[in-house]
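Remarks on the structure that follows.
The values are calculated or read from the model by the stated rules, or taken from the named source; none is laboratory data. Owing to the predicted nature of the structure, the values given are computational and were not obtained by experimental measurement. With ideal geometry, Cβ positions are generated from the backbone for all residues, glycine too; neighbour counts draw on all protein chains shown. What goes into the accessible areas is simple: the full protein's heavy atoms, side chains included, and nothing from ligands, DNA or RNA. Shrake-Rupley method; radii C 1.70, N 1.55, O 1.52, S 1.80 Å.
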Amino acid sequence: MTEHQPELSTSDQMIERTVSSEGIQRWLKISAAWLALQEPEHLFPTLVASFAEHLPPVRAVMLWLVTTGGLQPVAHAGFTIPSAISEHWLRVRLQPGEGAAGLAWQRETVIQQHGEHGYRELQGIASPQTQTVFQAIGDLLPRSLMVTAVPLRAGHTLVGVLELVSNASEPLGIEMTDFEVIAGIVAAAIRNAQLYDELRRSHQRLKAFDAVVTSISTAADLPDLVQSVLTVVLELTPAQSGALLIFDPAQERLQVSAWCNIELTTLSCFDQVSVDASPCAEVVRYGQPAFRPLLDEHGESALIEAGMAAAAYLPLLAGGTVTGVLALFGDIDLTKAIDKDMLMPICNQVGFAIANVRLYEDSQHERRKFHTVIESIAEGVLLCDRYGRLTLANQAAHDLLSCATLSFETPLATVPDLYDLRDLDGNALTPDDLPFTRALRGETFYDYRVMRCLPDNSERFFSFSGAPAVNEQGEVEGAVITFRDITSTQKVQRAKDEFLAVAAHELRSPLAAVRSYADLLLRREQQREGDHRDLHGLTILSQQVAHMLRLVDNLLDVSRLDAGQFDLQHQQVNLVGLAQQVIDQQRPSAGQRELLLETESTELIVTCDAMRIRQVLTNLISNAIKYSPPDSVIGVRLRSATLLHNNTPAVLISVSDQGPGIPPEEQERVFQRYYRAPGRRAEGLGLGLYLSREIVQLHGGQIWIESREGQGSTFMVLLPVEQMQRSRTERMNRSVELSAEI
Ligand code: ADP
């Protein structure tokens, strides 16, 4: 065995060299045809055929190209490789130094070897599979031979190796220096074809991608989408049949959603089976594609029986999540012929499309559920966005507002008279007092009663509740309002008020007379000498009559308020002294409870109606006694403060107890006329807090509650130090504003 190694020189230098032999002229003519061929599938067989044809001693020609996996055979001529070996030959990847071609590649120089013991012997050490192929090829060739391996270099890039096997006894028929020049042309033609092929592939991929995107964007629903994607993919690949499997992560199951050129029964190994039991479990688990022959042990026998030999399973990915699998089936060449680089972006696109459709379907489902719930509510429900524009109104809202169409475009606050809402006295609500505006301001309110005048001049009363809709960052994004028609209740209430006003009026004088006589008899009994057998009875009589008179007085106050005859007699009052008097008066009924007065000074002078403010304090302290446990402490605190909205000086009075507390949803209601919390057994008409609020508001002050259920209540009263003339709208509840200030 001999080895010929001509001097190493680059092909550029070779081209520069003057070559004038006859042989080279001939080869230049032959090579002109190669450069005209752009497609690798035409060029490679033509190249090898040219050498086999024009170099008579050559018995075999093989073209090897450099790939990332090693030198790969792409064409041969001069001899026929039987189909049994052809498969294996095409799969050979020579590593640097393996065989003559691998050696030429490693050394980047022409390798020429003579041998008397056949092709296999000349190839040296290689992997066992490659040795088997070399052996099989050697069996087709003469024993005495010469192997010439010429590196193919295009510029600085080595693109492959041309391997010629010729009879050992005959000269090759071409000068080696000429051959090197020709090799440069061969390399240029190959590079050209490779670039052309890359361009053609990316064009094909782009077209394929475009086709899939079009089919995704035009699909009506998920089944339509997967079916059209599968059809497009099958046109783009050499697969004979295929299926699109959707993965249900909740149930860990696969489902065949689309199939083409195959019976659904043949796909039973995928349909409605748990992922782990399916042939593509690993593809779903790891999100990696798998290309392999079909195997009985993978449960793919039905596919084999249907004439398929190999499968390509590609995950459909949405980000890192597998939403399904594209399964393609075909003959054994399928695994080689599949263009993974083309299919993966398509699969990602489909993966995202499936995820989007799912999200959309889920949100539609939730939406329908939400609508059913909203529509089934008998109360009117309105939602608005952060700008106060209506975004949703249920049928009850339409019916209650007697509007065929509610205004969805205009922010409600910009047209306050749109639904003509008024307060209970008939004054139009200002934009600030509209239910939506209150909720958008961040207020949560219950049972906000308003009136609406209809075109026929009839009045309807509504009770509104509302709350802001807040996002995760705590920003107000909109508001939710519910409301119901309370016209009939309101009418009954009016009738009741009128009746009670008359009854109270009629009862006041006889009761006052009874009280005077009861007090007189009591005093006489107390002064009488001897045993006081009637003292107990007369004391109870006097207390009960006093209580009845208080109730009647409260009722009369209500009717005075309704008639606008609730006049205040202002005077300068030291609130500390007043509070002390009320505490002293209440002490006998406080039992074991401790009544504490806490003030920052002995004098806090305000201009107010002393009798009415006394009524408020009495009411708050007697409630604290009524609703708190026997051994608890009741604290009355007074201190200076400021009204935020007009920055005027004020006094803040608080009455705290350790009673059951008042839940937030009741805190507004307890100020309503006749409201009494359900289940409270303490006596009363539910007028005390209503009158207290009216009195405080008539003084230009505010009253509100700070309480949590089970943790006691604190009633806060803020009274301006000076009195000024105020309109009714100014008296509207500003408790939120105020609590911020204190
Ligand atoms: P009355 O005490 O006559 O029922 P009020 O108007 O004074 O009427 O009070 C209305 C309701 O408010 C009461 O029925 C009670 O449920 C609740 N309430 C008032 N004060 C307190 C308090 N200190 N603690 C708990 N609940 C109270």
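Structural remarks
- All positions within the stretch 262-317 that are at positive phi and touching a Gly at 6+ places or on another chain (Cβ under 8 Å): Gly287
- The sole residue among Leu596, Leu617 that is in contact (Cβ under 8 Å) with a residue 12 or more places away in the chain, within 16 Å of the ligand (Cβ to nearest atom) and touching a helix residue (DSSP H, G or I) at 6+ places or on another chain (Cβ under 6 Å) is Leu617.
- One residue stands out among those in the stretch 132-184 that are under 18 Å from Leu55 (Cα atoms) and of a type in the set (D, E, K, R): the one that is farthest from the chain's Cα centre (by Cα), which is Glu170.
- Restricting attention to the stretch 686-709 and to residues that are among the acidic types (Asp, Glu) and open to solvent by 40 Å² or more (accessible area, probe 1.4 Å), the residue that is nearest to the ligand (Cβ to nearest atom) turns out to be Glu709.
- Residue match in the stretch 635-652 (condition: under 30 Å from Glu683 (Cα atoms), of a type in the set (Val, Ile, Thr), within 12 Å of the ligand (Cβ to nearest atom) and modelled with pLDDT of 95 or more): no
- Of all residues in the stretch 449-469 being free of Cβ contacts under 8 Å to residues at least 24 places away in the same chain and under 24 Å from Arg669 (Cα atoms), the one that is nearest to the chain's Cα centre (by Cα): Ser465
- The stretch 140-181 - residue that is acidic (Asp, Glu) and either open to solvent by 10 Å² or more (accessible area, probe 1.4 Å) or not in a strand (DSSP E or B) (or both) and, of those, nearest to Leu65 (Cα to Cα): Glu180
- Scope the stretch 555-600; condition polar (S, T, N, Q) and in a strand (DSSP E or B); matching residues: Gln571, Gln572, Asn574, Thr599
- For the stretch 653-685, filtered to residues that are assigned to a loop (DSSP other than H, G, I, E, B) and among the aliphatic types (A, V, I, L, M), the residue that is nearest to the ligand (Cβ to nearest atom) is Ala677.
- Among residues of the stretch 585-598 being at pLDDT below 95 and of a type outside the set (S, T, N, Q), the one that is surrounded by the most Cβ atoms within 10 Å (Cβ to Cβ) is Ala590.
- Tally, over the stretch 452-487, of residues that are exposed (fewer than 10 other Cβ atoms within 10 Å of the Cβ) and within 22 Å of Asp562 (Cα to Cα): 2
- Filtered by the rule that a residue be open to solvent by less than 20 Å² (accessible area, probe 1.4 Å), polar (S, T, N, Q) and at pLDDT below 90, the stretch 214-269 gives Ser215, Thr237.
- Within the stretch 656-672, residues that are closer than 16 Å to Gly686 by Cβ reach partners that are more than 10 Å from the ligand (Cβ to nearest atom) with beta carbons closer than 7 Å, at six or more positions or on different chains, in the pairs Glu668/Phe445; Glu668/Tyr446; Glu668/Asp447; Arg669/Tyr446; Arg669/Asp447; Gln672/Asp447.
- Number of positions in the stretch 599-614 that are open to solvent by 30 Å² or more (accessible area, probe 1.4 Å) and away from the ligand (no atom under 16 Å from the Cβ): 7
- Test result for Gly330, touching a residue at least 60 places away in the same chain (Cβ under 8 Å), under 22 Å from Val357 (Cβ atoms), open to solvent by less than 10 Å² (accessible area, probe 1.4 Å) and not charged (D, E, K, R): no
- If you filter the stretch 710-738 down to residues that are at pLDDT below 85 and farther than 20 Å from Tyr690 by Cα, you find that the one that is most open to solvent (accessible area, probe 1.4 Å) is Gln725.
- Residue within the stretch 336-346 that is open to solvent by less than 40 Å² (accessible area, probe 1.4 Å), assigned to a strand (DSSP E or B) and in contact with a Leu (Cβ under 6 Å, 6 or more places away or on another chain) present: no
- Residue in the stretch 362-381 that is more than 24 Å from Ser463 (Cβ to Cβ) and either aliphatic (A, V, I, L, M) or touching a residue at least 60 places away in the same chain (Cβ under 8 Å) (or both) present: no
- Long-range neighbours under 7 Å by Cβ, at least six apart or interchain, first residue touching a residue at least 12 places away in the same chain (Cβ under 8 Å) within the stretch 49-61, second open to solvent by 30 Å² or more (accessible area, probe 1.4 Å) and small (Gly, Ala, Ser): Ala52/Gly78; Leu55/Gly173; Pro56/Gly173; Pro57/Gly173; Val58/Gly78; Arg59/Gly78; Ala60/Gly78; Val61/Gly78
- The C-beta contact set for the stretch 684-700 (first residue free of Cβ contacts under 8 Å to residues at least 60 places away in the same chain and under 18 Å from Thr607 (Cβ atoms), second residue near the ligand (Cβ under 8 Å from one of its atoms) and among the β-branched types (Val, Ile, Thr), distance under 7 angstrom, 6+ apart or interchain) is empty.
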